[in-house]
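Working notes for the structure below.
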Amino acid sequence: MYNEIKNFLQKELESIKEAGLYKAERIIATPQGAEISLTNGKTVLNFCSNNYLGLSSHPKIIEAAKNALDTHGYGMSSVRFICGTQDNHRTLEEKIARFFGMEDTILYAAAFDANGGVFEPLLTDEDALISDQLNHASIIDGIRLCKAQRFRYKHADMSDLEEQLKQAKNARFKMIVTDGVFSMDGDIAKLNEICDLAEKYDAMVMVDDSHASGFIGKTGRGTHEYHNVMNRVDLISSTLGKALGGAMGGFITAKQEIIDILRQRSRPYLFSNSLSPVIVGAALQVFNMLTETTELRDKLMWNTEYFKEKIQKLGFDIKPTQSAIVAIMLYDAKLSQDLASKLLEEGIYVTGFYYPVVPKGEARIRVQLSAAHEKDHIDKAVAAFEKIGKELGIIK
Ligand SMILES: *Cc1c(COP(=O)(O)O)cnc(C)c1O
(Lines give C-alpha, C1' and ligand atoms only; values in the text may rest on other atoms or scores of the structure.)
Protein backbone atom coordinates (compact mmCIF):
# COMPACT_ATOMS: atom_id res chain seq x y z
CA MET A 1 0.00 0.00 0.00
CA TYR A 2 2.71 2.47 0.96
CA ASN A 3 4.17 2.41 -2.57
CA GLU A 4 1.20 4.28 -4.00
CA ILE A 5 1.29 7.14 -1.54
CA LYS A 6 5.09 7.12 -1.67
CA ASN A 7 5.00 7.99 -5.38
CA PHE A 8 2.36 10.58 -4.75
CA LEU A 9 4.34 12.23 -1.93
CA GLN A 10 7.54 12.22 -3.97
CA LYS A 11 5.73 14.08 -6.76
CA GLU A 12 4.31 16.56 -4.27
CA LEU A 13 7.78 17.20 -2.86
CA GLU A 14 9.15 17.67 -6.39
CA SER A 15 6.46 20.18 -7.22
CA ILE A 16 7.16 22.13 -4.01
CA LYS A 17 10.83 22.26 -5.03
CA GLU A 18 10.02 23.25 -8.62
CA ALA A 19 7.85 26.09 -7.38
CA GLY A 20 10.84 27.26 -5.30
CA LEU A 21 8.82 26.85 -2.09
CA TYR A 22 10.78 24.06 -0.45
CA LYS A 23 11.75 25.01 3.08
CA ALA A 24 15.29 23.91 3.87
CA GLU A 25 16.44 24.28 7.47
CA ARG A 26 19.79 25.73 8.45
CA ILE A 27 21.21 23.98 11.49
CA ILE A 28 22.57 25.97 14.42
CA ALA A 29 25.35 24.41 16.50
CA THR A 30 25.28 26.83 19.44
CA PRO A 31 22.68 28.17 21.88
CA GLN A 32 20.27 30.73 20.38
CA GLY A 33 21.65 34.27 20.58
CA ALA A 34 22.92 37.34 18.75
CA GLU A 35 26.00 35.46 17.55
CA ILE A 36 25.48 31.86 16.51
CA SER A 37 27.50 29.21 14.69
CA LEU A 38 26.09 27.03 11.97
CA THR A 39 27.08 23.38 11.56
CA ASN A 40 29.27 24.37 8.60
CA GLY A 41 31.45 26.17 11.13
CA LYS A 42 30.41 29.65 10.03
CA THR A 43 29.72 32.22 12.76
CA VAL A 44 26.96 34.67 11.91
CA LEU A 45 24.95 37.47 13.52
CA ASN A 46 21.36 36.41 13.96
CA PHE A 47 18.69 38.88 12.82
CA CYS A 48 15.84 36.43 12.25
CA SER A 49 14.87 34.96 15.61
CA ASN A 50 12.00 35.89 17.92
CA ASN A 51 14.51 36.21 20.77
CA TYR A 52 13.40 39.83 21.21
CA LEU A 53 14.59 40.30 24.78
CA GLY A 54 17.67 38.09 24.51
CA LEU A 55 16.31 35.73 27.19
CA SER A 56 16.65 32.46 25.24
CA SER A 57 20.14 31.88 26.61
CA HIS A 58 20.25 34.51 29.35
CA PRO A 59 22.36 33.33 32.34
CA LYS A 60 19.60 34.17 34.84
CA ILE A 61 17.05 32.16 32.87
CA ILE A 62 19.39 29.18 32.52
CA GLU A 63 20.04 29.31 36.26
CA ALA A 64 16.31 29.42 37.05
CA ALA A 65 15.69 26.48 34.71
CA LYS A 66 18.42 24.45 36.43
CA ASN A 67 17.03 25.26 39.87
CA ALA A 68 13.53 24.24 38.81
CA LEU A 69 14.92 20.98 37.49
CA ASP A 70 16.37 20.28 40.96
CA THR A 71 13.34 21.38 42.99
CA HIS A 72 10.44 20.33 40.72
CA GLY A 73 11.82 17.65 38.39
CA TYR A 74 11.86 17.36 34.61
CA GLY A 75 8.39 16.25 33.53
CA MET A 76 4.83 16.05 34.82
CA SER A 77 3.75 12.91 32.93
CA SER A 78 0.17 14.06 33.21
CA VAL A 79 -2.44 16.51 32.08
CA ARG A 80 -3.33 19.26 34.52
CA PHE A 81 -6.61 17.89 35.88
CA ILE A 82 -5.31 14.42 36.65
CA CYS A 83 -2.02 14.97 38.49
CA GLY A 84 -0.13 17.52 36.42
CA THR A 85 -0.33 20.75 38.40
CA GLN A 86 2.42 21.94 40.76
CA ASP A 87 2.54 25.04 42.95
CA ASN A 88 4.70 26.71 40.31
CA HIS A 89 2.13 26.24 37.53
CA ARG A 90 -0.44 28.16 39.58
CA THR A 91 2.10 30.78 40.67
CA LEU A 92 3.04 31.38 37.04
CA GLU A 93 -0.60 31.69 35.97
CA GLU A 94 -1.24 34.28 38.67
CA LYS A 95 1.93 36.18 37.86
CA ILE A 96 1.05 36.32 34.16
CA ALA A 97 -2.45 37.63 34.97
CA ARG A 98 -1.01 40.37 37.20
CA PHE A 99 1.64 41.33 34.64
CA PHE A 100 -0.90 41.81 31.85
CA GLY A 101 -3.57 43.36 34.07
CA MET A 102 -6.02 40.46 33.68
CA GLU A 103 -7.91 38.29 36.21
CA ASP A 104 -6.53 34.78 35.66
CA THR A 105 -4.47 32.73 33.22
CA ILE A 106 -4.52 29.24 31.72
CA LEU A 107 -1.28 27.67 30.44
CA TYR A 108 -1.05 25.59 27.27
CA ALA A 109 1.77 23.65 25.61
CA ALA A 110 1.95 26.37 22.93
CA ALA A 111 0.14 29.49 21.77
CA PHE A 112 -0.94 27.40 18.79
CA ASP A 113 -2.86 25.22 21.26
CA ALA A 114 -4.18 28.21 23.19
CA ASN A 115 -5.66 29.67 19.99
CA GLY A 116 -6.81 26.23 18.87
CA GLY A 117 -8.70 25.66 22.11
CA VAL A 118 -10.07 29.06 23.08
CA PHE A 119 -13.05 29.63 20.77
CA GLU A 120 -14.94 26.34 20.79
CA PRO A 121 -15.72 26.31 24.55
CA LEU A 122 -16.95 29.92 24.49
CA LEU A 123 -18.95 30.31 21.29
CA THR A 124 -21.60 28.31 19.42
CA ASP A 125 -23.45 28.69 16.11
CA GLU A 126 -25.56 31.43 17.70
CA ASP A 127 -22.41 33.55 18.07
CA ALA A 128 -20.01 35.40 15.77
CA LEU A 129 -16.24 35.69 15.38
CA ILE A 130 -14.92 38.72 13.54
CA SER A 131 -11.30 38.22 12.52
CA ASP A 132 -8.59 40.33 10.82
CA GLN A 133 -7.74 38.89 7.42
CA LEU A 134 -4.03 38.61 8.30
CA ASN A 135 -4.43 36.83 11.65
CA HIS A 136 -2.03 34.03 12.52
CA ALA A 137 -2.63 30.49 11.25
CA SER A 138 -3.41 29.24 14.76
CA ILE A 139 -6.30 31.72 15.09
CA ILE A 140 -7.63 30.63 11.71
CA ASP A 141 -7.47 26.97 12.80
CA GLY A 142 -9.08 27.74 16.17
CA ILE A 143 -11.95 29.45 14.36
CA ARG A 144 -12.34 26.41 12.09
CA LEU A 145 -12.78 24.21 15.16
CA CYS A 146 -15.59 26.40 16.48
CA LYS A 147 -19.16 26.55 15.19
CA ALA A 148 -19.53 30.33 15.49
CA GLN A 149 -20.46 32.32 12.38
CA ARG A 150 -17.34 33.71 10.71
CA PHE A 151 -16.73 37.26 9.56
CA ARG A 152 -13.43 38.48 8.16
CA TYR A 153 -12.40 42.12 7.86
CA LYS A 154 -9.72 43.60 5.62
CA HIS A 155 -6.41 43.96 7.40
CA ALA A 156 -6.52 46.86 9.89
CA ASP A 157 -9.49 48.35 8.02
CA MET A 158 -11.75 49.82 10.70
CA SER A 159 -14.60 50.70 8.36
CA ASP A 160 -14.68 47.12 7.11
CA LEU A 161 -14.61 45.90 10.72
CA GLU A 162 -17.62 48.10 11.41
CA GLU A 163 -19.37 46.71 8.34
CA GLN A 164 -18.73 43.13 9.54
CA LEU A 165 -20.01 44.00 13.02
CA LYS A 166 -23.21 45.27 11.42
CA GLN A 167 -23.52 42.02 9.46
CA ALA A 168 -23.10 40.08 12.70
CA LYS A 169 -25.59 42.13 14.65
CA ASN A 170 -28.06 39.28 15.25
CA ALA A 171 -25.50 37.02 16.89
CA ARG A 172 -25.94 36.32 20.63
CA PHE A 173 -22.27 36.90 21.54
CA LYS A 174 -19.68 38.58 19.30
CA MET A 175 -15.91 38.46 19.55
CA ILE A 176 -13.38 40.49 17.58
CA VAL A 177 -10.01 38.77 17.31
CA THR A 178 -6.75 40.25 16.07
CA ASP A 179 -3.01 39.75 16.20
CA GLY A 180 -1.39 42.50 18.32
CA VAL A 181 1.70 42.82 16.11
CA PHE A 182 1.43 41.46 12.57
CA SER A 183 4.56 39.45 11.98
CA MET A 184 5.17 40.08 8.28
CA ASP A 185 4.96 43.92 8.39
CA GLY A 186 5.54 44.72 12.06
CA ASP A 187 2.48 46.98 12.31
CA ILE A 188 0.41 47.11 15.50
CA ALA A 189 -3.36 46.50 15.53
CA LYS A 190 -5.41 49.66 16.14
CA LEU A 191 -6.62 48.26 19.41
CA ASN A 192 -8.05 51.57 20.67
CA GLU A 193 -10.31 51.89 17.62
CA ILE A 194 -11.15 48.19 17.81
CA CYS A 195 -12.22 48.62 21.45
CA ASP A 196 -14.38 51.63 20.52
CA LEU A 197 -16.16 49.62 17.83
CA ALA A 198 -16.49 46.65 20.20
CA GLU A 199 -18.24 48.89 22.70
CA LYS A 200 -20.52 50.38 20.06
CA TYR A 201 -21.57 46.94 18.76
CA ASP A 202 -21.37 45.04 22.04
CA ALA A 203 -18.54 42.66 21.17
CA MET A 204 -15.69 41.12 23.18
CA VAL A 205 -12.08 41.78 22.14
CA MET A 206 -9.31 39.20 21.96
CA VAL A 207 -5.73 40.01 21.00
CA ASP A 208 -2.90 37.56 20.22
CA ASP A 209 0.21 39.34 21.49
CA SER A 210 2.79 36.69 20.63
CA HIS A 211 5.00 39.25 18.84
CA ALA A 212 4.39 41.91 21.51
CA SER A 213 4.26 40.46 25.04
CA GLY A 214 7.22 41.60 27.11
CA PHE A 215 8.27 44.63 25.09
CA ILE A 216 5.49 46.57 23.30
CA GLY A 217 4.11 49.42 25.43
CA LYS A 218 6.18 51.49 27.80
CA THR A 219 6.50 48.71 30.40
CA GLY A 220 6.26 45.84 27.92
CA ARG A 221 2.74 44.69 28.74
CA GLY A 222 1.81 44.59 25.07
CA THR A 223 -0.41 46.26 22.50
CA HIS A 224 -3.17 46.98 25.05
CA GLU A 225 -0.67 49.07 27.00
CA TYR A 226 0.67 50.68 23.79
CA HIS A 227 -2.84 51.83 22.86
CA ASN A 228 -3.91 52.66 26.40
CA VAL A 229 -6.75 50.14 26.52
CA MET A 230 -5.44 47.88 29.30
CA ASN A 231 -8.87 47.42 30.91
CA ARG A 232 -10.83 47.15 27.67
CA VAL A 233 -9.49 43.87 26.27
CA ASP A 234 -11.26 40.69 27.38
CA LEU A 235 -8.78 38.01 26.34
CA ILE A 236 -5.08 37.97 25.50
CA SER A 237 -3.37 34.95 24.03
CA SER A 238 0.39 34.80 23.83
CA THR A 239 3.45 32.57 23.73
CA LEU A 240 6.33 31.86 26.09
CA GLY A 241 8.23 30.83 22.96
CA LYS A 242 9.25 34.26 21.69
CA ALA A 243 10.35 37.19 23.90
CA LEU A 244 9.32 35.50 27.16
CA GLY A 245 12.20 33.02 27.36
CA GLY A 246 11.81 31.40 23.96
CA ALA A 247 11.43 27.77 25.09
CA MET A 248 7.80 26.91 24.52
CA GLY A 249 4.38 27.23 26.08
CA GLY A 250 1.42 29.49 25.53
CA PHE A 251 -1.40 30.99 27.53
CA ILE A 252 -4.72 32.78 27.58
CA THR A 253 -5.02 35.50 30.20
CA ALA A 254 -8.53 36.87 30.57
CA LYS A 255 -11.59 37.44 32.73
CA GLN A 256 -12.09 34.88 35.52
CA GLU A 257 -15.11 33.06 34.12
CA ILE A 258 -13.47 32.69 30.72
CA ILE A 259 -10.44 31.00 32.29
CA ASP A 260 -12.65 28.83 34.49
CA ILE A 261 -14.68 27.50 31.56
CA LEU A 262 -11.53 26.90 29.48
CA ARG A 263 -10.14 24.73 32.31
CA GLN A 264 -13.35 22.66 32.09
CA ARG A 265 -13.77 22.46 28.31
CA SER A 266 -10.71 23.50 26.30
CA ARG A 267 -9.54 20.38 24.52
CA PRO A 268 -5.80 21.13 24.05
CA TYR A 269 -5.68 21.87 27.82
CA LEU A 270 -7.66 18.81 28.89
CA PHE A 271 -5.99 16.29 26.59
CA SER A 272 -2.36 17.40 26.38
CA ASN A 273 0.52 17.30 28.83
CA SER A 274 1.33 19.94 31.46
CA LEU A 275 4.18 22.32 30.80
CA SER A 276 7.54 21.02 32.01
CA PRO A 277 8.53 22.32 35.49
CA VAL A 278 11.78 23.49 33.88
CA ILE A 279 9.92 25.88 31.57
CA VAL A 280 7.59 27.00 34.35
CA GLY A 281 10.52 27.79 36.69
CA ALA A 282 12.35 29.73 33.99
CA ALA A 283 9.19 31.61 32.99
CA LEU A 284 8.66 32.70 36.62
CA GLN A 285 12.12 34.25 36.47
CA VAL A 286 11.29 35.95 33.13
CA PHE A 287 8.30 37.72 34.69
CA ASN A 288 10.31 38.64 37.81
CA MET A 289 12.93 40.28 35.61
CA LEU A 290 10.39 42.12 33.45
CA THR A 291 8.52 43.37 36.52
CA GLU A 292 11.70 44.73 38.11
CA THR A 293 13.02 46.70 35.17
CA THR A 294 12.24 47.77 31.60
CA GLU A 295 15.95 47.77 30.72
CA LEU A 296 15.71 44.99 28.13
CA ARG A 297 12.68 46.33 26.28
CA ASP A 298 14.20 49.82 26.32
CA LYS A 299 17.37 48.47 24.74
CA LEU A 300 15.35 46.54 22.15
CA MET A 301 13.42 49.67 21.19
CA TRP A 302 16.64 51.69 20.95
CA ASN A 303 18.19 49.01 18.75
CA THR A 304 15.13 48.96 16.50
CA GLU A 305 15.04 52.74 16.05
CA TYR A 306 18.78 52.81 15.38
CA PHE A 307 18.58 50.08 12.74
CA LYS A 308 15.52 51.60 11.06
CA GLU A 309 17.12 55.02 10.83
CA LYS A 310 20.38 53.69 9.35
CA ILE A 311 18.71 51.38 6.85
CA GLN A 312 16.35 54.09 5.60
CA LYS A 313 19.23 56.52 5.26
CA LEU A 314 20.89 54.01 2.92
CA GLY A 315 17.81 54.24 0.69
CA PHE A 316 16.11 50.94 1.50
CA ASP A 317 12.34 50.92 1.44
CA ILE A 318 10.76 49.67 4.68
CA LYS A 319 7.18 48.99 5.80
CA PRO A 320 5.80 51.29 8.49
CA THR A 321 6.49 49.50 11.78
CA GLN A 322 6.03 50.22 15.48
CA SER A 323 7.42 46.89 16.69
CA ALA A 324 10.82 45.14 16.62
CA ILE A 325 10.16 43.80 13.12
CA VAL A 326 11.58 45.70 10.15
CA ALA A 327 10.38 44.53 6.73
CA ILE A 328 12.83 45.64 4.04
CA MET A 329 10.90 45.61 0.77
CA LEU A 330 12.51 44.08 -2.33
CA TYR A 331 9.19 43.30 -4.11
CA ASP A 332 10.92 40.66 -6.27
CA ALA A 333 11.09 37.08 -4.89
CA LYS A 334 14.42 36.14 -6.43
CA LEU A 335 16.03 39.39 -5.33
CA SER A 336 14.94 38.74 -1.74
CA GLN A 337 16.55 35.29 -1.84
CA ASP A 338 19.75 36.59 -3.48
CA LEU A 339 20.08 39.34 -0.92
CA ALA A 340 19.54 36.94 1.99
CA SER A 341 22.10 34.43 0.73
CA LYS A 342 24.72 37.10 0.00
CA LEU A 343 24.14 38.63 3.43
CA LEU A 344 24.74 35.21 4.97
CA GLU A 345 28.11 35.09 3.20
CA GLU A 346 28.82 38.42 4.92
CA GLY A 347 27.90 36.84 8.26
CA ILE A 348 24.39 38.31 8.58
CA TYR A 349 21.58 35.80 9.02
CA VAL A 350 18.20 37.09 7.79
CA THR A 351 15.31 35.46 5.96
CA GLY A 352 13.63 36.51 2.73
CA PHE A 353 9.86 36.01 2.41
CA TYR A 354 7.83 35.91 -0.78
CA TYR A 355 4.50 34.67 -2.10
CA PRO A 356 2.51 32.84 -0.69
CA VAL A 357 3.88 33.86 2.75
CA VAL A 358 3.39 37.52 1.78
CA PRO A 359 1.24 38.91 -1.09
CA LYS A 360 2.50 38.59 -4.70
CA GLY A 361 5.01 41.30 -5.62
CA GLU A 362 5.72 42.11 -1.97
CA ALA A 363 8.84 40.00 -1.39
CA ARG A 364 10.92 41.27 1.47
CA ILE A 365 13.60 40.57 4.03
CA ARG A 366 12.32 40.57 7.56
CA VAL A 367 14.81 41.79 10.12
CA GLN A 368 14.06 41.15 13.78
CA LEU A 369 15.95 43.13 16.37
CA SER A 370 16.87 41.84 19.83
CA ALA A 371 18.03 43.24 23.14
CA ALA A 372 20.88 40.73 22.74
CA HIS A 373 22.25 42.84 19.85
CA GLU A 374 24.97 45.35 20.66
CA LYS A 375 25.40 48.53 18.62
CA ASP A 376 28.42 46.95 16.96
CA HIS A 377 26.29 44.01 15.72
CA ILE A 378 23.80 46.41 14.16
CA ASP A 379 26.57 48.47 12.56
CA LYS A 380 27.92 45.29 10.96
CA ALA A 381 24.49 44.37 9.65
CA VAL A 382 23.95 47.85 8.21
CA ALA A 383 27.38 47.76 6.54
CA ALA A 384 26.56 44.39 4.96
CA PHE A 385 23.18 45.68 3.71
CA GLU A 386 25.00 48.66 2.19
CA LYS A 387 27.64 46.55 0.47
CA ILE A 388 25.31 43.89 -0.94
CA GLY A 389 22.50 46.38 -1.61
CA LYS A 390 24.85 48.32 -3.92
CA GLU A 391 26.23 45.15 -5.49
CA LEU A 392 22.70 44.03 -6.42
CA GLY A 393 21.65 47.50 -7.54
CA ILE A 394 18.96 47.88 -4.88
CA ILE A 395 20.44 51.13 -3.55
CA LYS A 396 22.82 53.65 -5.08
C1 LIG B 1 4.31 32.47 17.05
C2 LIG B 1 2.87 32.73 17.10
C3 LIG B 1 1.97 31.79 17.59
C4 LIG B 1 2.40 30.39 17.96
O5 LIG B 1 3.14 30.37 19.15
P6 LIG B 1 3.68 28.98 19.69
O7 LIG B 1 3.72 29.15 21.17
O8 LIG B 1 5.03 28.80 19.08
O9 LIG B 1 2.73 27.93 19.28
C10 LIG B 1 0.63 32.14 17.69
N11 LIG B 1 0.20 33.37 17.32
C12 LIG B 1 1.04 34.29 16.82
C13 LIG B 1 0.50 35.63 16.42
C14 LIG B 1 2.40 34.01 16.69
O15 LIG B 1 3.21 34.93 16.19
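Each residue of the range 329-346 is assigned a 3J(HN,Hα), and the resulting list reads 7, 10, 6, 9, 4, 5, 4, 5, 6, 4, 4, 4, 6, 6, 5, 4, 4, 7 Hz, derived from the Karplus form 6.51 cos²θ - 1.76 cosθ + 1.60 (θ = phi - 60°), x at Gly and Pro. Remark on residue 370: its backbone amide H falls under 5 Å from none of the residues 5 or more positions apart or on other chains, H modelled at 1.01 Å from N.
Let me check against my output: what whole-number percent is the relative contact order of the chain, with C-alpha pairs under 8 Å and at least 6 apart? Show your work: numbers first, answer last.
Numbers: 789 pairs, mean separation 84.7, N = 396.
Relative contact order, the chain: 21 percent.
Taking label positions 7 Å along the Cα-Cβ direction at both residue 144 and residue 37, the computed distance is 4.2 nm, reported to one decimal. About its Cα centre, the range 60-292 has a charge dipole of approximately 340 debye under the convention of +1 per Lys or Arg Cβ and -1 per Asp or Glu Cβ, with nothing else charged.
In order along the range 150-167, the phi-based Karplus estimate (6.51 cos²θ - 1.76 cosθ + 1.60, θ = phi - 60°) of 3J(HN,Hα) comes to 10, 10, 10, 10, 4, 3, 6, 8, 5, 6, 5, 4, 4, 4, 5, 5, 5, 4 Hz; Gly and Pro are listed as x.
Which of the residue pairs 42/310; 218/255; 95/147; 308/387 have a Cα-Cα distance greater than 28 Å in the structure shown? Numbers along the way, then the final one.
Numbers: 42/310 26 Å; 218/255 23 Å; 95/147 32 Å; 308/387 17 Å.
Long pairs (Cα-Cα over 28 Å): 95/147.
Ordering 238, 276 by accessible area with a probe of 1.4 Å, largest first, what comes out?
Details: 238 0, 276 30 Å².
In descending accessible area the options line up as 276, 238.
Relative contact order (percent) for the range 177-244, with alpha-carbon contacts under 8 angstrom and 6 or more residues of separation?
Details: 118 pairs, mean separation 22.6, N = 68.
Taking the mean separation of contacting Cα pairs over the length of the range 177-244, I get 33 percent.
Across the range 180-185, computed HN-Hα scalar couplings (Karplus, 6.51 cos²θ - 1.76 cosθ + 1.60, θ = phi - 60°) run x, 10, 8, 6, 8, 10 Hz from first to last residue, x flagging Gly and Pro. Given a 1.4 Å probe and every protein chain left where it sits, what share in percent of the accessible area of the range 60-292 is carbon and sulfur? Solvent-exposed carbon and sulfur of the range 60-292 make up 49 percent of the total. When all alpha carbon pairs of the range 60-292 are counted in 5 Å bins from zero, the resulting P(r) reads 1, 7, 15, 20, 20, 16, 10, 6, 3, 1, 0, 0 %. Of the chymotrypsin sites (Phe, Trp or Tyr not before Pro) found in the range 201-300, those in coil by DSSP whose Cβ has at most 11 other Cβ atoms within 10 Å are 271. Averaged over its residues, the chain has an accessible area of 47 Å² per residue, based on protein heavy atoms and a 1.4 Å probe.
Between residue 298 and residue 376, take the C-beta separation as r, use R0 = 22 Å, and let me know the FRET efficiency to the nearest 0.05. Write down the numbers at each step before the final one.
Values: r = 18 Å, r/R0 = 0.84.
So, using R0 = 22 Å, E works out to roughly 0.75.
Of the trypsin sites (Lys or Arg not before Pro) in the range 160-245, which ones lie in a loop per DSSP and count no more than 12 other C-beta atoms within 10 Å? Don't jump to the answer; show the numbers that get you there.
Working: sites: 166, 169, 172, 174, 190, 200, 218, 221, 232, 242; in loops: 169, 172, 190, 218, 221, 232, 242.
Here the trypsin sites (Lys or Arg not before Pro) that fit, given the DSSP loop and packing criteria, are 169, 172, 218.
The values are calculated or read from the model by the stated rules, or taken from the named source; none is laboratory data. Keep in mind that what you see is a predicted model, and the values were worked out from it rather than measured. Methodologically, a virtual Cβ is constructed for each residue, glycine included, from the backbone with ideal geometry; neighbour enumeration extends over all protein chains shown. Only protein heavy atoms, including side chains, enter the accessible area calculation; ligands, DNA and RNA are left aside. Shrake-Rupley method; radii C 1.70, N 1.55, O 1.52, S 1.80 Å.
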